[in-house]
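What follows is a short report on a single structure.
The values are calculated or read from the model by the stated rules, or taken from the named source; none is laboratory data. These numbers come from a predicted model, not from an experiment. Don't worry about glycine lacking a Cβ; one is built from the backbone with ideal geometry, like all the others, and counts go over all protein chains shown. Calculation scope for accessible area: heavy atoms of the full protein, side chains included, ligands and nucleic acids excluded. Shrake-Rupley method; radii C 1.70, N 1.55, O 1.52, S 1.80 Å.
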Amino acid sequence: MTTDSRPNIIWLTLDSVRADRTSLAGYRRDTTPNMRRIADAADGQAFTDCVSHAMWSLPSDASILTGTYPSHHGTGLWNDVLPEEMTTVPERFAELGYRTVGLSQNAYCSDSTGLSRGFEEFTWMDKSNLLQTAGPRILLKYL
């Protein structure tokens, strides 16, 4: 908890992952043990009955980050970049005094599309900056 008793929030969005293949949704293999552990904590929560608003990342991610339909924000339909007048969830959290940090490996969720807007700190991770972003200990763990 923060000093003013607001909850800490970790928001994970998995793009192109079948919910029925995760531990959270009861899949027979333990495919997402850390996510299940976080969700099962006393103050944890997971939402497994969600619907995508689009069939590809850009409009879907824009909907997730604005709470609006693609027909409203237009990103991925007639806009390649989220319109400035659209408020993002990270912007709203920042207005409430939260420190917002974003990490994305998806090019559609990056500075180039405006979907990084509102994060105090945002890192788009790709193979060119993987070592610097993740660090050698994390990379060695997965080798």
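Summary table
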item: Cα-based helix-to-principal-axis angle, 57-66 vs the chain, degrees rounded to 10; result: 90 degrees
item: GNM result for the chain, Cα springs below 10 Å: residue of D61, D43, D80 fluctuating most strongly; result: D43
item: Contour excess over end-to-end distance, with Cα ends at A19 and E91 and 0.36 nm allotted per residue; result: 23.2 nm
item: Dipole magnitude of the chain, debye to nearest 20 (Cβ charges: Lys/Arg +1, Asp/Glu -1, about Cα centre); result: 760 debye
item: Rel. contact order, % - alpha carbon contacts under 8 angstrom, at least six apart, the stretch 18-143; result: 14 percent
item: Accessible area (Å², 1.4 Å probe, nearest 10) - S104; result: 10 Å²
item: GNM top mover of A41, A107, A94 - the chain, alpha-carbon springs below 10 Å; result: A41
item: Prolate/oblate/rounded label for the stretch 1-108 (Cα gyration tensor, a/c 1.5); result: oblate
item: Gaussian network model of the chain, springs between alpha carbon atoms under 10 Å - residue of T68, T88, T48 with greatest fluctuation; result: T48
item: The stretch 56-130, relative contact order in percent, only Cα pairs under 8 angstrom and at least six apart counted; result: 27 percent
item: Lys, Arg +1 and Asp, Glu -1 on Cβ, resulting dipole of the stretch 1-61 about Cα centre, debye, nearest 20; result: 260 debye
